[in-house]
Amino acid sequence: MLQRSSGIHALAIVIAACGLQVAASASAPDVTSLGPALTVAVKQITAQRAVATSAVTKAADDTSLLPKSLQTPATSNQVQAGQPGSDPSSRWWPHPLNSPPFPLADWISESQQPLGESWDVGDGPLQKSLLGTQWDKQRIRLYGWLDFGYTESTSKHNNFPLSYNTIPNSPVLDQEVIRIERTPDTVQTAHDDWGFRVTQVFGIDYRFLAGDGYFFDQLQKHNNKMGYDLPEFYVEKYFPKLAPLGGLVQVGRYISPADVECQLAPQNYLYSHTLMYTVDPYTYTGANIQQQWSKNWSTMFGIDGGNDKSLWEKDTSLNFEFLVGWHSNDNKDDVWIGPDQIGNGHFSFGHDSEQIFSATWGHKFNESWHMQTEFYDMWSYDAEMGGTEIDGPSQTFASGGGPGPIIPGMSHAYGYTTYLMHQTDKWSYWTFRTDWLGDPEGWRTGVPNNMYSLTLGYCHWLSPTTTFRPELRYEWADKNDIYDNGTRKTQLTLAADIIFHF
């Protein structure tokens, strides 16, 4: 771990190297003091600065410079003319958001896009370099990203319950992701279509994605700092007649819908996550049915084995979800509400069975300003304080050391967040986020508290394939010490990450 003074120096180098001064004639920074992950990142940025300067200038009026995986469906011509039954025009409302610079063009999460909209990402640089156009006709796509980060913190050992950047004052590899997928064509209504997705993740973020039955020993038994996971592997089938405007069935392991935030770095407004997102479910294994009843109403119905669990472990239990979506005629408002998990809710074999009622709302004020907000109520019965136990050795950077005490009866937790976004130009935006997590019994965090955070963040595309996100965050607890392994009630962080898309 770097000392505090060298940590500040490291973050300063990253900010400078990441294009806040992108003159092509600038000299390369000295990266010898950085860890190997950020050394690679800064060297890559330095090598492409001259190219990026020219590309970003030209791209200000030409989104075709973006890899297709980063274009909005409306700008990428992703529906192929001449395909049987294909209609080159969307059946959905106009996109409410601009992507880039925002993570998504639509309100809904990336793994549950609106039906009637083309969301084939197109071929990116990795696929082109390895396979050329071999998979284009089948719409099979291979792409991914690298996400490196650094968090300067007033805490010395652990930033928890801040996530995912829990390790303070040290450069880290957050995510190394490779994805292969085929998206069904839901624009056409003449025939069924199919798709699949497999997403592989390696890095420190694995601990927030891990599920029982999926490489879980690396977390539960060993409490490893770095790890591997498959947060998404599913097949899906589009049925034009399953509802008046079509339906989509997903079967496998998928990211829990519908949240403002997402597990995967490029689909988030900020580098860090809310306190509430630190402790809620990440993935489900089962089946999800998305139906479009009209251009104003949608539903999602799911059946699964419990949050962050496979279907073959002894702690698996039957759970359901039912979410209703409402979309305004101008698509400036989008609401999803309902029970996200409903089952027996009993803690079993060392694993949580969270029950959740959630509501999300996205609203666009004008072309420059929009917001997204989310609230949830979560509960469980006879659960361990601190949630799912990690039996591996305690680490300064994370919890561990075995089970917590049982809390008799029902435990509750409540979460609320609001994101306010302002787009400043074609490649940049600001975010202000408020966040509250109520954990009165200490069920989710191990310490009874109300916790709050305020975050100001900035996102800038340094080049058509490189995103930089610095942020300043302050958080506090109103009752008990929880930060820095239970020694502080407050925490101040200055963090940044950089994402290389390929």
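Of note:
- At an R0 of 41 angstrom, the distance between the Cβ atoms of Lys156 and Tyr381 translates into a FRET efficiency of 0.65.
- Inter-label distance, Trp293 to Leu454: 4.2 nm, where each label sits 7 Å from its Cα along the C-beta direction.
- Of all aspartates and glutamates in the structure, the ones whose alpha carbon falls short of 14 Å from that of Lys128, not counting any fewer than 8 places away in one chain, are Asp136.
- Added length on full extension, which subtracts the Cα-Cα distance from 0.36 nm per residue, Thr487 to Val251: 80.6 nm
- Potential extension, His412-Thr133 segment - 0.36 nm per residue separation minus Cα distance: 95.2 nm
- Peptides 393-403, 437-447, 144-154, 128-138 ranked from most to least packed, by the mean per-residue count of other Cβ atoms within 10 Å: 144-154, 437-447, 393-403, 128-138.
- Sites Lys426 and Ile342, calculated FRET efficiency, Cβ-Cβ separation with R0 56 Å, nearest 0.05: 0.85
- Scoring 252-258, 269-275 by mean Cβ neighbours within 10 Å over their residues and listing the highest first yields 269-275, 252-258.
- Candidates Gly442, Leu454, Phe468 compared by Cα position along the dipole of the stretch 430-475: farthest toward the positive end lies Phe468, with charges placed on Cβ.
- Under the Karplus curve 6.51 cos²θ - 1.76 cosθ + 1.60, θ = phi - 60°, whole-Hz ³J(HN,Hα) for the stretch 209-214, x wherever Gly or Pro sits: 9, 4, x, 4, x, 10
- Along the stretch 172-179 the Karplus relation, 6.51 cos²θ - 1.76 cosθ + 1.60 evaluated at θ = phi - 60°, assigns HN-Hα couplings of 9, 9, 6, 8, 10, 10, 10, 10 Hz to successive residues, with x for each Gly and Pro.
- Once the 1.4 Å probe is applied to the protein heavy atoms, the stretch 376-502 comes out at 36 Å² accessible per residue.
- Across the cross-link table entries Lys237/Lys314; Lys137/Lys295; Lys295/Lys332; Lys364/Lys426, which are compared at the Cα atoms, the separations over 19 Å belong to Lys237/Lys314; Lys137/Lys295.
- For the stretch 183-193, Karplus couplings with θ = phi - 60° (6.51, -1.76, 1.60), whole Hz, Gly/Pro x: 9, x, 7, 9, 6, 6, 10, 8, 7, 5, 8
- Segment Leu311-Phe349, length gained on full extension (0.36 nm per residue, minus Cα span): 12.2 nm
- Taking amide H as placed 1.01 Å from N in the peptide plane, the amide H of Gly400 sits under 5 Å from that of Gln395, each at least 5 places away or on another chain.
The values are calculated or read from the model by the stated rules, or taken from the named source; none is laboratory data. Nothing here was measured: the structure is a model prediction, and the numbers come from that model. Counting neighbours? That spans all protein chains shown, and the Cβs are built from the backbone with ideal geometry, glycine included. Each accessible area value is taken on the protein alone, full model and side chains, heavy atoms only, with ligands, DNA and RNA left out. Shrake-Rupley method; radii C 1.70, N 1.55, O 1.52, S 1.80 Å.
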